[in-house]
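Here's the structure we're looking at; comments come further down.
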Amino acid sequence: MSRSTYYFLVQTWEQTDPDRKWKRRIQFIYRKHKGRFGYRRITDVLQAKGHKINKKKVYRIMRDLGLQCIVRMKKYKSYTGEVGKAAPNILNRNFKADRPNQKWVTDVTEFKLFGQKLYLSPILDLFNGEIITYTLQSRPTFDLVETMLTQGFERISEGDDLLLHSDQGWHYRMPKYQRTLKENNITQSMSRKGNCYDNAVMENFFGIMKSELLYLQEFDSIDHFKDELEEYIHYYNHLRIKSRLKRKSPVAYRASFEQAA
C-alpha cells in the first residue's frame, strides 16, 4: 500500500459521520411512528420542526439504515347493501370544509378477529380529517350508530351548520336516525347507490387504519385489539401529520385554526 493511500484511509477513518445527527433524528421519528412513515412523511416532520433537509437526503439515509415504511395500503371495499328510503347526495363529493363541524362523514366497517366479528362506526370531520368519535361493538345493531351520534353531538357548538354524510346503509335509512338528525338541525346527505367514491374520505380512512393497525400488528385478544385501536385513533388525531394540513396533525391544525379565529 502506498503512503498516500495509507494516510487517506487513516484520515477517512478519523472523520466523524456527517449524517450522524440526521440518522438519530430519522431513526427516532421512524420508531416513534412504529415504521408507518416513509421518507416523504419523515421529511415533512423534520421540515415542520425547522430542519433544512430534502426528501432525497432522507431517502438516502433511510436506505443506508435499512429503514422503509412497512405499511402496504390495501384497497378498502365497502358493502353497499340494499337500498331503501335515501337522502339526497348534498355533499356531492365536495370534501372540502372551511371550518370544524361543517361537514362530517361516517360509515361502518367490519373486523374479523379470533373467530369473532367487530363493527366500527366512526365520525370524521372533513375540515381536518379528525376522528370525532367512534363506537365498536360485536353486533351491527342500530345502537352502534345511535351511540356514535350521541357522542358526536357533544362536539357540536351553538351556531354550527352541520351536514352529515353516509352511504345508504340500513342504519342511516332508519326513521329514528333521520329524525334524530332533524331534531338536532343536522342536514343529512347520502351517497348514490353502490358508489363508494361519494364517501371516499371515509373509505380512505378505513384503508389507512387497517393497513397501519389491523394488518401491521398482532393481537393477543379482542380486548388487546380494542386497546390498540383506542391508542391508534389517538395517534391518528394527535401525531399523524398530513401535508394538506400544513404538516400538522388533525388536532394541531384545528387548534391553530381556532386560535387564529
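Each value in this text was obtained by applying a stated rule to the coordinates, not by laboratory testing. None of these values were measured; they are calculated from a predicted model. Please note: Cβ atoms are built from the backbone with ideal geometry, for glycine as well, and neighbour counts cover all protein chains shown.
Could you compute the FRET efficiency for S138 and I53, with r as their C-beta to C-beta distance and R0 at 45 Å, rounded to 0.05?
0.45
Report, by chain and number, residues whose modeled amide H sits under 5 Å from the one on T135, excluding near sequence neighbours (fewer than 5 apart, same chain).
S121
Modelling each spin label as a point 7 Å along the Cα-to-Cβ direction, I'd like the N195/H238 distance in nm, to one decimal.
For N195 paired with H238, the spin-label model returns 3.9 nm.
Considering the values (1) 1.26; (2) 1.19; (3) 1.00, which represents Cα Rg over 2.2 N^0.38 Å as calculated for the structure under consideration?
Correct label, based on the coordinates given: (1).
Excluding residues on the same chain fewer than 8 positions from K34, give the lysines whose Cα lies under 19 Å from its Cα.
Those lysines meeting the cut-off are K23, K74, K210, K226, K242, K248.
Take every DSSP beta bridge with both residues inside the chain and express the antiparallel ones as a percent of the total, to the nearest 5. Present the calculation step by step, with values, prior to reporting the outcome.
Values: 16 of 23 bridges.
Around 70 percent of the beta bridges assigned by DSSP in the chain are antiparallel ones.
Restricting to DSSP H runs of at least four residues, report the calculated mean residue ellipticity at 222 nm for the chain, -39500 (n - 2.57) per run over all residues, nearest 500 deg cm²/dmol.
-12500 deg cm²/dmol
For the pairs K55/K246; K49/K246; K52/K96, flag any whose C-alpha to C-alpha distance is greater than 20 Å.
Values: K55/K246 16 Å; K49/K246 12 Å; K52/K96 30 Å.
Beyond 20 Å between Cα atoms: K52/K96.
Over the chain, what is the mean sequence separation of C-alpha contacts under 8 Å (at least six apart), divided by residue count, expressed as relative contact order in percent?
Values: 341 pairs, mean separation 49.5, N = 261.
Normalised by residue count, the contact order of the chain is 19 percent.
Fewest Cβ neighbours within 10 Å first, please rank D44, D125 accordingly.
Details: D44 20, D125 23.
So the residues, fewest neighbours to most, are D44, D125.
Out of the chymotrypsin sites (Phe, Trp or Tyr not before Pro) in the stretch 159-244, which ones are loop residues according to DSSP with at most 13 other C-beta atoms within 10 Å?
Answer in residue order: Y215.
Rounding to the nearest 10 and keeping the result within 0 to 90°, find how far the Cα-based axis of helix 142-153 lies from the longest principal axis of the chain.
Helix 142-153 and the main axis of the chain meet at about 70 degrees.
What do you get for the angle between helix 20-32 and the principal long axis of the chain? Use alpha-carbon atoms, 0 to 90 degrees, nearest ten.
The answer is roughly 30 degrees.
Which of the GluC sites (Glu not before Pro) found in the stretch 120-219 are loop residues per DSSP with 10 or fewer other Cβ atoms within 10 Å of their Cβ?
E154, E158, E218
Report the FRET efficiency, 1/(1 + (r/R0)^6), for D98 and D17, where r is their Cβ-Cβ distance and R0 is 35 Å, rounded to 0.05.
Result of the calculation: an efficiency of 0.15.
Return, ordered by residue number, the residues of the stretch 89-119 whose backbone nitrogen is under 20 Å from a label point located 7 Å along Cα→Cβ of K182.
Flagged as within label range: 89-91.
Go ahead and run the numbers for FRET between F111 and L65, Cβ-Cβ distance against an R0 of 41 Å, rounding to 0.05.
Computed FRET efficiency for F111 and L65: 0.80.
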